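Visitor: The structure is given below, and queries will be raised subsequently.
The values are calculated or read from the model by the stated rules, or taken from the named source; none is laboratory data. The structure displayed is predicted, hence computed values, not measured ones. All Cβ positions, glycine included, derive from the backbone under ideal geometry; neighbour counts span all protein chains shown. Heads up: the accessible areas ignore ligands, DNA and RNA and are worked out on the full protein's heavy atoms, side chains in. Shrake-Rupley method; radii C 1.70, N 1.55, O 1.52, S 1.80 Å.
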Amino acid sequence: MAANKNLLMLPGDGIGPEVCNEVRKVVDWMDKRRAVSFDVKEDLVGGAAFDAHGTPLHDNTLDTAMNCDAVIFGAVGGPQYDKLGWEARPEAGLLALRKEMDLFANLRPAVTFDALLDASTLKPEIVQGLDIMIVRELTAGVYFGEPRGMQTWEGKERCIDTQSYTKDEIVRVAEVAFDLARKRNGKVTSAEKANVMKTGVFWRETVTEVHKNGNEDIELGHMYADNCAMQLVRWPKQFDVIVTDNLFGDILSDCAAMLTGSLGMLPSASLGATDVTGRRKALYEPVHGSAPDIAGEGKANPLAMLLSFAMALRYSFDLGDDADLIEQAAQNLLSQKKRTADISSDGCDILSTGQMGDAVVAELDKLAA
Ligand code: IPM
Ligand code: MG
């Protein structure tokens, strides 16, 4: 079959290359077994790109990313890069991709797997059946606001970052949240600090306006971000979709992730606007990061990366059935107590990264038989 979908794989640093390798196994399986095939290009990003080109994101890489159907991103960063200049640090490569591709909507699901209930630090009854979607604004706010940096102010050194949101930046991410809630449980909680920040007041007013403009079928609640953090560990099942800004989303999504027991299980999707042809730029990455302490040891859990690929199938390629298969395969393996070390418990078979990828493929074979 002719290749029909273009993927750009950016493994990056740390455990990124190991977990991306497992995606290749699933891509190969799909090429053979499903009604779709992929043309996969691979390139460098982050510290790996800096080592090769002196920049964490080469222009050619960005160009390929802008023109492919989906970017599959591993992770960036590592202690060997900690002393690099600001523009050269590996994270700058990821932030530039988000900004240049205008990937404003970051979807971070936090779903608990029954087989992993004991891995959560919270009581099973608090997290069983949990299914939250955090929608984090990803291209504005304090991550990108100007001015920023060192200044002299009243004779003193000071440093500033700027929290800034235009109305349309809030509107478009709120629309994504309402659309998602409509396909889920019909509830959006918007989190900000309207009690302290002017941008918080503006965020709250704007989300309320978007709600009135055609989204009143969805239940909307507002919460201060600090309260939201507290509610996430107190009673997380009150949430369906949470929409929030870039910085609060960074923090709240880590908090929500840990409810499920392991960062090694959580995927994410970063989406741009839909163009006239119905296409949207997209990048899929696991939430876990580069984990330099275990890089190269075959210990990394590839499931977050594989579940991110499943999100690519669902959101970029409208292949929900294929995404379901991968999610089901992951669940079956957890139930069979086949686990990587990060989520193992008594009586588990401990699998290496590669063995887990192979096991997913074997499970896919069974499911699709
Ligand atoms: C994330 C990460 C990034 C962020 C870092 C690596 C720049 O923490 O994706 O949540 O802060 O956005
Ligand atoms: Mg983060």
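Visitor: Would you call G289 assigned to a loop (DSSP other than H, G, I, E, B), open to solvent by 10 Å² or more (accessible area, probe 1.4 Å) and either away from ligand 1 (no atom under 12 Å from the Cβ) or among the aromatic types (F, W, Y) (or both)?
Guide: Details: assigned to a loop (DSSP other than H, G, I, E, B): yes; open to solvent by 10 Å² or more (accessible area, probe 1.4 Å): yes; either away from ligand 1 (no atom under 12 Å from the Cβ) or among the aromatic types (F, W, Y) (or both): no.
The answer is no for G289.
Visitor: Moving to a separate point now. Just one of L283, L252, L313 is open to solvent by less than 10 Å² (accessible area, probe 1.4 Å), within 28 Å of A140 (Cα to Cα) and in the same structural domain as H222 (by TED's automatic domain parsing); which is it?
Guide: After applying the criteria, what remains is L252.
Visitor: For Q151, which of the numbered conditions (1) in contact (Cβ under 8 Å) with a residue 60 or more places away in the chain; (2) in a strand (DSSP E or B); (3) over 26 Å from Y315 (Cβ atoms) fails to hold?
Guide: Of everything listed in (1) in contact (Cβ under 8 Å) with a residue 60 or more places away in the chain; (2) in a strand (DSSP E or B); (3) over 26 Å from Y315 (Cβ atoms), Q151 misses just condition (1).
Visitor: Of the residues D349, D318, only one is out of contact with any Cys (no Cβ under 9 Å at 6 or more places or on another chain), modelled with pLDDT under 95 and within 26 Å of A273 (Cβ to Cβ); which? Give the steps one after another, and end with the answer.
Guide: Working: D349 fails: within 26 Å of A273 (Cβ to Cβ).
Answer to the check: D318.
Visitor: Further question: Go through the residues of the stretch 102-120 one by one and say whether even a single one is within 14 Å of ligand 1 (Cβ to nearest atom), among the β-branched types (V, I, T) and open to solvent by less than 40 Å² (accessible area, probe 1.4 Å).
Guide: No, every residue in the stretch 102-120 fails to be within 14 Å of ligand 1 (Cβ to nearest atom), among the β-branched types (V, I, T) and open to solvent by less than 40 Å² (accessible area, probe 1.4 Å).
Visitor: I've got another one for you. Would you be able to say whether some residue in the stretch 263-277 is under 24 Å from R34 (Cα atoms), within 16 Å of ligand 2 (Cβ to nearest atom) and part of a loop (DSSP other than H, G, I, E, B)?
Guide: Yes: one or more hits.
Visitor: Does any residue of the stretch 345-357 turn out to be open to solvent by 10 Å² or more (accessible area, probe 1.4 Å), farther than 19 Å from A119 by Cα and in contact (Cβ under 8 Å) with a residue 24 or more places away in the chain?
Guide: Narrowing the stretch 345-357 to residues open to solvent by 10 Å² or more (accessible area, probe 1.4 Å): 345-352, 354-355.
So of that shortlist, the ones also farther than 19 Å from A119 by Cα come out as 354-355.
Applying the additional criterion that residues be in contact (Cβ under 8 Å) with a residue 24 or more places away in the chain yields 354.
Yes, the conditions are met somewhere in the stretch 345-357.
Visitor: Give the stretch 58-77 a look and list any residue that's of a type outside the set (S, T, Y) and either away from ligand 1 (no atom under 16 Å from the Cβ) or over 19 Å from the mean Cα position of the chain (by Cα) (or both), or say none. Full working, then the answer.
Guide: At the first step, the residues of the stretch 58-77 found to be of a type outside the set (S, T, Y) are 58-60, 62-63, 65-77.
Residues satisfying the conditions are H58, D59, N60, L62, D63, A65, M66, N67, C68, D69, A70.
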